[in-house]
Amino acid sequence: MLYTAAVMFCLMDKPHTYTNCQVINAHFKYSSEEQCWSAINGQIQYQEMNLRQLGYELIDAKCISWIPEEKKKRL
């Protein structure tokens, strides 16, 4: 499996548009969804206070799966 992580913050009290939102990507790849969400949670904890002071709020977070999970063969 291959996962990447992304978190979207937008300006508070503004429409969620290209100019009012920022996406923070984890510049890593993860071998499990659990590792990906752990990275997202850490990123949110690290960034949220600073971004709130700048007027941003958390809107969305995603772990994106790039390689489909192999189906187990039945005997």
Within the range 29-63, can you find the residues that are within 19 Å of Met1 (Cβ to Cβ), without any contact (Cβ under 8 Å) to a residue 24 or more places away in the chain and of a type outside the set (S, T, N, Q)?
Glu34
Could you go through the range 51-66 and let me know if any residue there is at pLDDT 90 or above, assigned to a loop (DSSP other than H, G, I, E, B) and of a type in the set (A, V, I, L, M, F, W, C).
yes
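Please enumerate the residues belonging to the range 12-24 that are over 23 Å from Asn41 (Cβ atoms) and in contact with a strand residue (DSSP E or B) (Cβ under 6 Å, 6 or more places away or on another chain).
Taking the range 12-24 first, the residues over 23 Å from Asn41 (Cβ atoms) are 13-15, 17-20.
Result: Asn20, single match.
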Out of contact with any helix residue (DSSP H, G or I) (no Cβ under 7 Å at 6 or more places or on another chain) and surrounded by 13 or more Cβ atoms within 10 Å (Cβ to Cβ): is that true of Ala61 in this structure?
no
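Based on what the data block shows, is Gln22 at pLDDT below 90, of a type in the set (S, T, N, Q) and surrounded by 11 or more Cβ atoms within 10 Å (Cβ to Cβ)? Steps first, answer last, please.
Numbers: at pLDDT below 90: no; of a type in the set (S, T, N, Q): yes; surrounded by 11 or more Cβ atoms within 10 Å (Cβ to Cβ): yes.
Answer is no for this residue.
The values are calculated or read from the model by the stated rules, or taken from the named source; none is laboratory data. Fair warning: this is a prediction, and the values are worked out from it, not measured in the lab. Virtual Cβ from ideal backbone geometry, glycine too; neighbours counted across all protein chains shown.
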